[in-house]
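Participant: Sharing a structure here in C-alpha cells format.
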Amino acid sequence: MMDTWDYTALAASYSKRAPYSKPVIDEFLRNSGVTSGAKACDIGAGTGNLTLFLLKWGLRVVAVEPNPAMRAIGMPRTKSFPDIHWINARGEATGLPASEFDVVTFGSSFNVLDRNRALVETARILKPKGWFACVWNYRNLDDPLQRRIEEGIHGFVSSYDYGVRREDQTEVIQASGLFDRIVRIDRGFKHRTKVSDCMDAWRSHATLARQAGPKTLGRILEKIECLLMEQGGRDVEVPYTTSLWMAQKSDAWNESPSPAAQRNRSE
C-alpha cells in the first residue's frame, strides 16, 4: 500500500466498523461461480473484516496486509479457520504466484493503492476467467444525523474530500484493459451499534485523520460524539450502502494489454 497511508494508530478501532452487507458479498461470490475450496486473495485485509466473509464461504484465503498492527488483530480473528494464510506484502506487488487465485478482493483498500498497478497485479495472480472485486461501505449522507456530522466535519476542515473511495470505479477498471463484464452491486442497510463502538469506528477513519491532523481530529471526534449523544440512548442506527464492483479477467490479458497496463508492467 502507498506509504502515505499508515493504519498503525487506527488498527485497534478498525474492527468496530460496520460489516459489509452480507447479501452483497454473497451475490458477488455466487456470480463469480466459486465453490468451497476455491482460492481467494484478500488484498489489504486489514483486521479481517472481508476475509472472514470469504472464509465462511469455505474459500482458502491468502490475506495480504503490510501493516503489522493490522495483522496482529486480523490473525487472531481468523485463526479458527484452517485455510487462512497471512502475508506481509504490498497490494501492487504481492510476490504471489501467477494464475493462482479464483478471486482477488479489496475490502476498503483499493483506494489506498496505486489502482492501475494493483489491477495489473490482480490480473497477474488471477486464474483465467478469475474475478476481481473492490468494496466499500458508504454512510448515507442524506440522513439527517449523518448530514449534521458532515456539516460538523466541514466546519473544521472546509476542504474535506473523500477522494477516490466514493468514486465510481468502473472507469479505472475498464481503462486498464485487463477486465471484462464489470458489474456494480449496491445494497442499503442500517447498522445499529453502541455509541462507544461508533466512536471507535470513527477513530479508524484514515481519510479523516489524514486531512484533519491529530489536533483537529480530536476536536472533530468530540463534535461527532456530542451529536450522537444528542440522539439519546446508548445505541445509534447508522444507514449505509455497501457498494461492490466486480469484473472478470479478460482473455486478452496475455496478448494485448492496454497501454496503461503495459506501462504499469514495466514499472
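The values are calculated or read from the model by the stated rules, or taken from the named source; none is laboratory data. For clarity, every value in this text was computed on a predicted model and none was experimentally measured. Virtual Cβ from ideal backbone geometry, glycine too; neighbours counted across all protein chains shown.
Participant: Looking at this structure, is Thr47 closer than 23 Å to Phe189 by Cα, within 16 Å of the chain's Cα centre (by Cα), part of a loop (DSSP other than H, G, I, E, B) and among the polar types (S, T, N, Q)?
Facilitator: Yes: the conditions hold for Thr47.
Participant: Working only within segment 154-194, note down all residues that are at pLDDT 95 or above and aliphatic (A, V, I, L, M).
Facilitator: Val172, Ile173, Ala175, Leu178, Ile182, Val183, Ile185
Participant: Sticking with this one: Taking the condition of being more than 25 Å from Val164 (Cα to Cα) and not hydroxyl-bearing (Ser, Thr, Tyr), how many residues in segment 190-214 meet it?
Facilitator: 4
Participant: Shifting gears a bit: If a residue has to be assigned to a loop (DSSP other than H, G, I, E, B) and out of contact with any strand residue (DSSP E or B) (no Cβ under 9 Å at 6 or more places or on another chain) to count, how many in segment 107-125 make the cut?
Facilitator: If we filter segment 107-125 for residues that are assigned to a loop (DSSP other than H, G, I, E, B), which is where we start, we get 108-109, 113-114.
Next cut, out of contact with any strand residue (DSSP E or B) (no Cβ under 9 Å at 6 or more places or on another chain) only: 114.
Residues meeting the conditions: 1.
Participant: In the set Ile185, Ile220, which member is within 21 Å of Gly155 (Cα to Cα), among the β-branched types (Val, Ile, Thr) and out of contact with any Cys (no Cβ under 7 Å at 6 or more places or on another chain)?
Facilitator: Ile220
Participant: Provide a single number: the residues in segment 70-106 that are over 22 Å from Asn137 (Cα atoms) and either free of Cβ contacts under 8 Å to residues at least 24 places away in the same chain or outside any strand (DSSP E or B) (or both).
Facilitator: 18
Participant: Okay, moving on. Considering only residues of segment 3-44 that are assigned to a helix (DSSP H, G or I), small (Gly, Ala, Ser) and crowded, with 16+ Cβ neighbours inside 10 Å, which is modelled with the highest pLDDT? Steps first, please.
Facilitator: Our first condition is that a residue be assigned to a helix (DSSP H, G or I); within segment 3-44, this holds for 8-14, 22-32.
When the remaining residues are screened for being small (Gly, Ala, Ser), the result is 9, 11-13, 32.
Among the residues that remain, those that are also crowded, with 16+ Cβ neighbours inside 10 Å are: 11-13, 32.
Working: Ala11: 56, Ala12: 59, Ser13: 65, Ser32: 97.
Ranking the candidates gives Ser32 first.
Participant: Among the residues in segment 55-64, are any among the small types (Gly, Ala, Ser), in contact with an Asp or Glu (Cβ under 8 Å, 6 or more places away or on another chain), part of a loop (DSSP other than H, G, I, E, B) and crowded, with 21+ Cβ neighbours inside 10 Å?
Facilitator: no
Participant: To continue, here is another question. How about segment 140-248: which helices (runs of 4 or more DSSP H) wholly inside it have at least 3 residues that are in contact with a Gly (Cβ under 8 Å, 6 or more places away or on another chain) and surrounded by fewer than 18 Cβ atoms within 10 Å (Cβ to Cβ)?
Facilitator: So the answer is 206-229.
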